[in-house]
1. Is it fair to say residue 88 is surrounded by 14 or more Cβ atoms within 10 Å (Cβ to Cβ) and not in a loop (DSSP other than H, G, I, E, B)?
2. Would you check which residues across the range 25-42 are among the small types (Gly, Ala, Ser) and either in contact with a helix residue (DSSP H, G or I) (Cβ under 9 Å, 6 or more places away or on another chain) or without any contact (Cβ under 8 Å) to a residue 12 or more places away in the chain (or both) and list them?
3. Scan the range 33-50 residue by residue and report those that are open to solvent by less than 60 Å² (accessible area, probe 1.4 Å) and touching a strand residue (DSSP E or B) at 6+ places or on another chain (Cβ under 9 Å).
4. Of all residues in the range 99-117, how many are at pLDDT 95 or above, surrounded by fewer than 15 Cβ atoms within 10 Å (Cβ to Cβ) and under 21 Å from residue 51 (Cβ atoms)?
5. Got a number for residues in the range 30-68 being part of a loop (DSSP other than H, G, I, E, B) and modelled with pLDDT of 90 or more?
6. Applying the selection to the range 92-133, what residues are in a loop (DSSP other than H, G, I, E, B) and closer than 30 Å to residue 62 by Cα?
7. Please go through the range 69-98 and pick out each residue that is among the basic types (Lys, Arg) and either modelled with pLDDT of 90 or more or on the phi > 0 side of the Ramachandran plot (or both).
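The values are calculated or read from the model by the stated rules, or taken from the named source; none is laboratory data. Given the structure is predicted, the values throughout are model-derived calculations rather than measurements. Cβ sites come from the backbone with ideal geometry, for glycine too, and all protein chains shown count toward neighbours. Remember, those area values only see protein heavy atoms, side chains included, never the ligands or the DNA or RNA. Shrake-Rupley method; radii C 1.70, N 1.55, O 1.52, S 1.80 Å.
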Amino acid sequence: MEDVCTSAGNFLQSLFQGTGLNLKVTVKESTSECLLDLSGPDSELLQAEGGEFLQALQHLVIQAFGRSLPEGQRLICDVQGFRATREAELRAMAKLAAERVRTTRAPFVFGEMNSNERRIIHLTLAECEDLATESIGEGSARKLRVALKPTA
């Protein structure tokens, strides 16, 4: 995995240099992931619009290098802890939605989300025996619905 992570980091660094973005890539490896931590004066650009640019960079890196990783390994691009903060926000939103569904007994539908964000909510609520989650819609307009499971 080390060679793939280093190659992905070098790829991003050369991309930033070629486009004039003032960003630095630091590669951090663990047994389950390769984290490409991005920092520098232009890092705010990566967080704008809910991290769309960061998500696009990650998609590009996964397409270029993801198939070379060992089974079960993940490539992740992050900037100033943005992903960890967003994941915590999504988990809190999932718990609030769960309580709302339980209280009102009506389904709750989140706005449009990318697949990674929907996955975090699905996993957060997966152990709730009384709730079901499902992705609805098409393409980039997919949303996530939380509802009570039907009683037998």
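1. Working: surrounded by 14 or more Cβ atoms within 10 Å (Cβ to Cβ): no; not in a loop (DSSP other than H, G, I, E, B): yes.
Answer is no for this residue.
2. Those that are among the small types (Gly, Ala, Ser) and either in contact with a helix residue (DSSP H, G or I) (Cβ under 9 Å, 6 or more places away or on another chain) or without any contact (Cβ under 8 Å) to a residue 12 or more places away in the chain (or both): 30, 40.
3. Result: 33, 34, 35, 36, 37, 38, 39, 40, 43, 46, 47.
4. The qualifying residues number 0.
5. Here is the first cut: in the range 30-68, the residues part of a loop (DSSP other than H, G, I, E, B) are 30-32, 40-42.
If we keep only those that are modelled with pLDDT of 90 or more too, we end up with 40-42.
Of the residues in the range 30-68, 3 are part of a loop (DSSP other than H, G, I, E, B) and modelled with pLDDT of 90 or more.
6. First pass over the range 92-133, keeping only residues in a loop (DSSP other than H, G, I, E, B): 105-107, 110-114, 126-130.
Those that are in a loop (DSSP other than H, G, I, E, B) and closer than 30 Å to residue 62 by Cα: 110, 111, 112, 113, 114, 126, 127.
7. So in the range 69-98, the residues among the basic types (Lys, Arg) come out as 74, 83, 86, 91, 95.
91, 95 - these are the residues of the range 69-98 that are among the basic types (Lys, Arg) and either modelled with pLDDT of 90 or more or on the phi > 0 side of the Ramachandran plot (or both).
Conditions (1) crowded, with 16+ Cβ neighbours inside 10 Å; (2) polar (S, T, N, Q), marked per residue:
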{"position": "26", "(1), (2)": "no, yes"}
{"position": "52", "(1), (2)": "no, no"}
{"position": "59", "(1), (2)": "no, no"}
{"position": "63", "(1), (2)": "no, yes"}
{"position": "66", "(1), (2)": "yes, no"}
{"position": "77", "(1), (2)": "yes, no"}
{"position": "81", "(1), (2)": "no, no"}
{"position": "97", "(1), (2)": "yes, no"}
{"position": "119", "(1), (2)": "no, no"}
